[in-house]
1. Name the shape class, rounded, prolate or oblate, that the alpha-carbon gyration tensor gives for the chain, where a ≥ b ≥ c are the square roots of its eigenvalues, rounded holds for a/c under 1.5, and otherwise prolate holds if a/b is larger than b/c and oblate otherwise.
2. How large a share of the accessible area of the stretch 58-194, in percent, is made up of carbon and sulfur atoms when the probe is 1.4 Å and the other protein chains stay in place?
3. Among LEU35, LEU106, LEU163, which one moves the most in a GNM of the chain with springs linking Cα atoms closer than 10 Å?
4. Can you give me the span-like helices of the chain, meaning DSSP H runs with 15 Å or more of Cα extent along the axis and Kyte-Doolittle mean at or above -0.5?
5. Residues of the stretch 1-143: accessible area per residue at 1.4 Å, in Å²?
6. Roughly how many nanometres apart are two label points built 7 Å out from the Cα toward the Cβ at ARG26 and HIS193?
7. Have a look at VAL81, PRO96, ASN19 and report the one farthest towards the positive end of the charge dipole of the stretch 7-147, computed about the Cα centre with Cβ charges (Lys/Arg +1, Asp/Glu -1).
8. Only Cα pairs within less than 10 Å get springs; with that Gaussian network setup on the chain, which residue of PRO80, PRO43, PRO109 has the largest fluctuation?
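The values are calculated or read from the model by the stated rules, or taken from the named source; none is laboratory data. Just so you know, these numbers come straight off a predicted model, no measurement behind them. Heads up, the Cβs are rebuilt from the backbone with ideal geometry, glycines too, and the neighbour counts pull from every protein chain shown. Ligands, DNA and RNA are excluded from the accessible area calculation, which covers all protein heavy atoms including side chains. Shrake-Rupley method; radii C 1.70, N 1.55, O 1.52, S 1.80 Å.
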Amino acid sequence: MPTSIRESKRALRERILANRATLDARALATDALSLRDSLLEIPEFARATRVAAYVSVGTEPGTGPLIEQLSENGVEILLPVVLPDFDLDWAVYRGPDSLTRAPRGLLEPSGPTAGPGAVADVDAVIVPALAVDRHGTRLGKGAGCYDRVLARLAGRIPAFVLLHDGEILDIPIPREPHDIAVDTVITPSGRHHL
């Protein structure tokens with residue numbers, strides 16, 4: 001990867017993380033409820049029986065209320081378990097007490113895993129990101145975990161990226177061959193098609 005692309009992505013990540021660091025707990029909690037409500041209005045979630053999600057940490061757009069509501073609705077939720085090569089395995093969510101601390105500050109399910117391919121058998125996938133540009137280029141944290149997931153899904157299963165308002169960028173994000181474009185972003189202000 002050319003240094004200029006690597007440095008551009010690093011600088012963009014730093015800027016977005018600095019902006020996220022200014023968000024307070026009350027705003028994060030309110031936004032998490034808005035994200036939940038927006039997602040539950042989408043047909044793929046309203047009729048879902050199995051969803052892949054992730055447990056948000058820190059100042060990431062909050063997934064807690066959504067995970068709890070889906071669980072209460074009887075939806076099976078697969079959560080990621082990061083493998084040593086940064087691919088993702090998946091395990092069923094069994095409640096907040098089943099989550100354990102993992103490397104990189106993540107929370108992961110402690111139960112048995114179903115393999116990286118389990119994500120291909122869900123009704124919808126929630127994908128984290130730091131930003132997305134108007135062409136659907138997603139900026140992750142740099143490990144490529146969700147690029148692999150999106151490649152595995154090959155557009156067969158709807159993927160929804162969660163962002164804070166203001167993280168859909170008008171400037172292009174440097175794109176590399178392994179980057180998989182996304183077309184739907186959910187922010188606290190609603191659903192955005194790219």
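1. Rounded shape, in that the Cα axes give a/c under 1.5.
2. Answer for the stretch 58-194 is 52 percent, counting heavy atoms of protein chains only.
3. Result: LEU106 has the largest fluctuation of those listed.
4. 25-40
5. 49 Å²
6. 3.7 nm
7. Projecting each Cα onto the dipole axis, the largest value belongs to ASN19.
8. Checking each option, the largest mean-square fluctuation is seen for PRO43.
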